[in-house]
Amino acid sequence: MTARTDRERMDYDVVIVGAGPAGLACAIRLKQLATQSGRDLSVCVLEKGSEVGAHILSGAVMEPRALDELLPDWKNLGAPLNTPVVEDRFLYLTASRAIRLPTPPQMHNDGNYIVSLGNVARWLSQQAEGLGVEVFAGFAAAEVLYAEDGAVAGVATGDMGIGKDGNRTANFTPGVEIYGRATVFAEGVRGSLAKTLFARFDLRKAASPQTFGIGIKELWEVEPAKHKPGHVVHTIGWPLDWETYGGSFLYHLENNQVAVGYVVGLDYKNPYLSPFEEFQRFKTHPKIRDLFEGGRRIAYGARAINEGGLQAIPELVFPGGALIGCSAGFVNVPKIKGSHTAMKSGMVCAEALFDALPTEGRIGTLAAYPAALKKSWVYEELASVRNIRPAFTKGLAVGLAYSALETYVLRGRAPWTFKHHPDNESLRPAAASTPIDYPKPDGKISFDRLSSVFLSNTNHEENQPAHLTLKDAAVPVAYNLARYDSPEQRYCPAGVYEIVRDTSGANPRLQINAQNCVHCKTCDIKDPTQNINWVVPEGGGGPNYPNM
């Protein structure tokens, strides 16, 4: 064991890392099965955010399929699915026009709901606790614990009260070692512990590289006359060029609120592109701007999104544990949804785990989970759309044409499967790219990064080691600046990275403003040499998203 004598120990039957929809669905299903069988089963869920939902950000239009299976009486239980979708629109934007296109079948939202996924997670947490699940918010799992035989034995939370110099302060409190007979990882996209599991157990050896998008979102309160509850709009085209994958969403919730966001595929090529600036520019489109004029921006956030699909899902199990949800990557990209598939993966895992969990000792390799998942509607759904997102690597025109072929002719039954290439390898050198002249924010419709980060309620204890680390401190200037003009200054949506120089304009260095970090993980994904490593800060640090 990697046990430390100064850390308290806690033991459970099942430890779940991450209180998102997948982790909570897994916990709820485990306790349901235990209740039905009269079996005593201890389950705990760890959440790094200050509260459940604090770090969850999604559009979101939710398909209730998994929720119907998990908690059929969810309406009477008060689930915060309050706004059914009543209209879908799909638009192609030019610089001045909005051309309505047929809505692709995968994007039809009959029976779906516009939600705050953070609020859904808060409600799921209440249901889990009502069944006896112990949910610990503000506890960041920082280390995987291993048994002597190499199997996963649990996790340890991070120490509190370590100063920037790496030494213990007067406020030092050691982390807690939490052991489970099974440990389930539901950290979300690009989980810091899941990355270590991929490497230790070679879980990605048979999978295509995972690819990602960066989703940036704002919540607005608009004038009542402009509010259309249940109205859903997606756009492609302007302001992105034809070689870059991405688009927007506009979702009208209740209470005169509109969720607006922009997603840019992180396989973009131009190092001068800034997803944040593209989003701000999108809102100034003549057919979009009017919705926000006279309104008030009330929240902001950003998060990476899995886009790799079926072929990028790694091996899901290893001795002592399993991966569920976005830790593995179950997003249906053409559908622009992942919460229902994430929840179902947690439920399938729970059912396999409950049947296989021994009365004593740890679980081995849970082969029944991936086998059951392949028989579920999750696998069928992802298999049918597996080639659509990678087709867009050839550009918007090719992607749209192939998507139509796949959807209306092949119907997901193509005898081939496209592969992916890592996002960090996609950038062209700056010398071969055209700089993009972004307009200055007007402070009414478009905004700067720092005022946006303020709305995310992001906070980190100042005197702690930076959770954004460099494997080689020379790379940002010697390679990223020299070859790509420091793209980290532009792909980060929170102003974390900036190149600073001395008073003469010489001696550039990378300054990392870790306190601004909204935990989107984009830097960990897009850095060209994978030199940036994102690890968890002290528990409770990061954004505190309301209603996002």
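The values are calculated or read from the model by the stated rules, or taken from the named source; none is laboratory data. Every value quoted in this text rests on a predicted model; they were computed, and no experiment measured them. Note: ideal-geometry Cβ built from the backbone for every residue, glycine included; neighbour counts use all protein chains shown. These accessible areas exclude ligands, DNA and RNA; they are computed on the full protein's heavy atoms, side chains included. Shrake-Rupley method; radii C 1.70, N 1.55, O 1.52, S 1.80 Å.
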(request) Note down the nm distance, to one decimal, between modelled labels 7 Å out along Cα→Cβ at ALA482 and at THR103. (result) 5.2 nm
(message) If I model a spin label as a point 7 Å beyond the Cα along the Cα-Cβ vector, how far apart are those points for ILE298 and LYS440 in nm?
(response) 3.1 nm
(request) Could you pull out every one of the aspartates and glutamates with an alpha carbon less than 14 Å from that of LYS471, ignoring same-chain neighbours closer than 8 positions? (result) ASP524, ASP527
(request) Evaluate the relative contact order of the stretch 134-208 (contact order divided by residue number), counting alpha-carbon pairs under 8 angstrom at least 6 apart; express in whole percent. (result) 23 percent
(request) Report the trypsin sites (Lys or Arg not before Pro) located in the stretch 444-548 that are in a DSSP loop and have at most 11 other Cβ atoms inside 10 Å of their Cβ, or state none. (result) LYS471, ARG501
(message) Between ARG39 and GLU148, how high is the FRET efficiency from 1/(1 + (r/R0)^6) when r is the Cβ-Cβ distance and R₀ = 25 Å? Nearest 0.05.
(response) 0.35
(request) State in Å² the accessible area per residue of the chain; use a 1.4 Å probe, count heavy atoms of protein chains only, and round to the nearest integer. (result) 39 Å²
(message) For the full complex of protein chains and a 1.4 angstrom probe, list ASP290, ASP149, ASP437 by accessible area with the highest value first.
(response) ASP437, ASP149, ASP290
(request) Provide the solvent-accessible area of SER96, counting protein heavy atoms only and rolling a 1.4 Å probe, rounded to the nearest 10 Å². (result) 70 Å²
(request) Count neighbours as other Cβ atoms within 10 Å of each site's Cβ, and list the GluC sites (Glu not before Pro) in the stretch 216-302 that are DSSP loop with at most 11 such neighbours. (result) GLU293
(request) Please give every one of the lysines within straight-line cross-link reach of LYS287, meaning a C-alpha to C-alpha distance under 22 Å, and leave out same-chain neighbours fewer than 8 residues apart. (result) LYS217, LYS226, LYS228, LYS440, LYS444
(message) Restricting to DSSP loop positions (anything but H, G, I, E, B) with no more than 12 other Cβ atoms inside 10 Å of their own Cβ, which trypsin sites (Lys or Arg not before Pro) remain in the stretch 302-405?
(response) LYS375
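How large is the charge dipole for the chain, taken about the Cα centre, if only the Cβ atoms of Lys, Arg (+1) and Asp, Glu (-1) carry charge, to the nearest 20 debye?
1380 debye
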(request) Normalising by the residue count of the chain, find the relative contact order in percent from Cα pairs under 8 Å and 6+ residues apart. (result) 20 percent
(message) Can you tell me which lysines have their Cα less than 17 Å from the Cα of LYS374? Leave out same-chain residues fewer than eight positions away.
(response) LYS344
(request) Residues in the stretch 263-290, backbone N under 16 Å from the label point at ARG89 (7 Å along the Cα-to-beta-carbon vector): list them, ranges by number please. (result) 283-290
(message) Using 29 Å as the Cα-Cα cut-off, could you pick out the over-long pairs in LYS31/LYS75; LYS164/LYS269; LYS195/LYS419; LYS375/LYS526?
(response) LYS164/LYS269; LYS375/LYS526
(request) State the Cα centre-to-centre distance between the stretch 401-477 and the stretch 247-294 in whole Å. (result) 14 Å
(request) For LYS31, LYS48, give the ranking by accessible area with the largest first, probe 1.4 Å. (result) LYS48, LYS31
